[in-house]
Amino acid sequence: MLKQHLQQKLLQKLSPQQIQFIKLLQVPTVALDTRIKEELEENPALEDPSLMTLEEPKGEYDDVSDNKEEFEGESADDGFDEFNVDDYLQDDSANDYSTSYNNSDDDEEKKETPIAIESTFFESLQEQLDLIPLSDKDFVVGKQIIGSLDDDGYLRRPITSMIDDLAFSQNVIVEEEDVLEMLKLIQSFDPPGIGARDLQECLLIQLKRKDQSNPIIQQAIKIVENNLDEFIRKHYDKLERSLGLSSEELKEAVAEILRLNPKPGDANQVTTKQMQIIPDFHINNNDGVLILTLNSKNAPELRVSRSYQEMFEHYDKASQKDRKLKEAVQFVKQKLDSAKWFIDAIKQRQQTLLKTMNAIMQYQYEYFLTGDERKMRPMILKDIADKIDMDISTVSRVANSKYVQTEFGTYLLKSFFSEAIQTDTGEEVSNKEVKKILEDCIGNEDKRKPLADEKLTDILKERGYNIARRTVAKYREQMNIPVARLRKEL
């Protein structure tokens, strides 16, 4: 049986402009240029003056009638009276952007960054393959092997899969022995260890390219061949007994293994993160006064196209009111509106970034003056959101994707947020302070007898931090520090 009833719902809907702002706010500086270029390509009514090299054409719309009396006599529902040309006219010399709280110029950010041109890891291997006289079939097999390597230099693809690929995609029929023979050749390439199928093979390739008459190298090979599991787990007592080595002999052999590269493919690679991180903010210490500056890349000189403004003005004075003209007016207005919204969103993004970062800087002023993590105050998203009167989600979007460059390093804003821990005296401190103490304790420990989590817990309690052992273990894992047994050294 159907029943009718009334129901009240409270819904919050975001406007297209708000959605555009939220999306732009999440974009880091490194990707903002790409986003702006996309918008410039999609919307001809939007311009970047820094990219303009030619003067805009003039007098392009002289054929449009200027009989204003006939136009004013038309009915209001034709759709023209709702447009105000003044809304789209702007002073090109006006600069609505401010990149810092003290209006200082960020000259460094206006310089072009040189890009180093290097051969990639795969190109280097291909060049080495090109220098070896091979039959056509062997050359194709070699290229297939190189193309099958992972970024770290390992060959994890089954030999049978490569044989199938060669047969189906290149019509080259080979046996497993042919592929293994070429693999052995590629394993002789630089960097040493390339083309290995697992860690053991990778280490052995590197060791066997060293002086085989050296007793230390011989012992290192035995450890990797027969006792790799014990070596990884640092069961040094078992290694001494099984190999009949003294502590000093084992120490030398282990040191030789530790000098090897477990990821040979990374040797020629530039770290992706280092290449991509561009700080969104700069904080400079000027005689005890912190100066916050926004990266100038976040304040592009965008404007509404003058030619579109003139086009709209001519249409506004036109005497004709046919369908094509009305469609043209709607199109121009849509593009002008879109350009204005985008420029406003960029400005709002810039203001929100500065406002949020300034609040964080003021909250953590002592930390930014010294760089001492022990001076960092407990801070959560709500603290900053309340300070700048914005939503927590807005602060989160800024903190999760933006970086600040200080005199002591470049950091993700998210790293300045931390939970509060209460000391024995009732004082609230940041868990960053506790992590710093743990890091110092582990850094200064005797590596032959590293500190267990229980001992670290006791040290913290002695200093007034009443923290459980499992919390110490959690902080240690967050700092990517292994357990005591794996930190042990001979």
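The values are calculated or read from the model by the stated rules, or taken from the named source; none is laboratory data. Quick caveat: nothing in here was measured; it's all calculated off a predicted structure. We place every Cβ from the backbone using ideal geometry, glycine too, and count neighbours over all the protein chains shown. Accessible surface is based on the protein model in full, side chains and every heavy atom, while ligands, DNA and RNA are left aside. Shrake-Rupley method; radii C 1.70, N 1.55, O 1.52, S 1.80 Å.
Give the residues of the stretch 209-246 that are in contact with a His (Cβ under 9 Å, 6 or more places away or on another chain) and either in contact (Cβ under 8 Å) with a residue 24 or more places away in the chain or open to solvent by 60 Å² or more (accessible area, probe 1.4 Å) (or both), sorted by residue number. Explain how you work it out, then say what you get.
Within the stretch 209-246, the first condition is being in contact with a His (Cβ under 9 Å, 6 or more places away or on another chain), and the residues that meet it are 227, 229.
Selection gives 229 alone.
Filter the stretch 148-188 for residues that are over 25 Å from residue 223 (Cβ atoms) and either in contact (Cβ under 8 Å) with a residue 60 or more places away in the chain or part of a loop (DSSP other than H, G, I, E, B) (or both) and give the result. Don't jump to the end; show me each part of the working.
Kept after step one, since they are over 25 Å from residue 223 (Cβ atoms), are these residues of the stretch 148-188: 148-151, 157-182, 185-186.
Within the stretch 148-188, 149, 150, 151, 157, 158, 170, 171, 172, 173, 174, 175, 186 qualify.
Selection over the stretch 193-208 of residues that are part of a loop (DSSP other than H, G, I, E, B) and either at pLDDT below 90 or open to solvent by less than 10 Å² (accessible area, probe 1.4 Å) (or both) gives a count of 4.
I'm checking my understanding of the structure. Among residues of the stretch 252-291 that are open to solvent by 90 Å² or more (accessible area, probe 1.4 Å) and modelled with pLDDT of 85 or more, which one is nearest to residue 187 (Cα to Cα)? Per the stated criteria, the residue is 263. Every condition in (1) over 23 Å from residue 224 (Cβ atoms); (2) open to solvent by 70 Å² or more (accessible area, probe 1.4 Å); (3) at pLDDT below 90 is met by residue 165 except one, and the failing one is (2).
Quick one: is residue 329 at pLDDT below 85 and open to solvent by less than 80 Å² (accessible area, probe 1.4 Å)? Yes. When the residues of the stretch 1-47 are filtered to those that are out of contact with any Leu (no Cβ under 8 Å at 6 or more places or on another chain), surrounded by 10 or more Cβ atoms within 10 Å (Cβ to Cβ) and in a loop (DSSP other than H, G, I, E, B), the one that is modelled with the lowest pLDDT is 14.
Selection of first residues in the stretch 334-347 that are hydrophobic (A, V, I, L, M, F, W, C) and of second residues that are surrounded by fewer than 18 Cβ atoms within 10 Å (Cβ to Cβ), restricted to Cβ pairs under 6 Å at least 6 apart or on distinct chains, gives the following pairs, ordered by first then second residue: 341/17.
For residue 139, the stated conditions do not hold, so it cannot be described as at pLDDT below 90, surrounded by fewer than 17 Cβ atoms within 10 Å (Cβ to Cβ) and not in a loop (DSSP other than H, G, I, E, B).
A single member of 238, 234 is in a loop (DSSP other than H, G, I, E, B) and touching a helix residue (DSSP H, G or I) at 6+ places or on another chain (Cβ under 7 Å), and it is 234.
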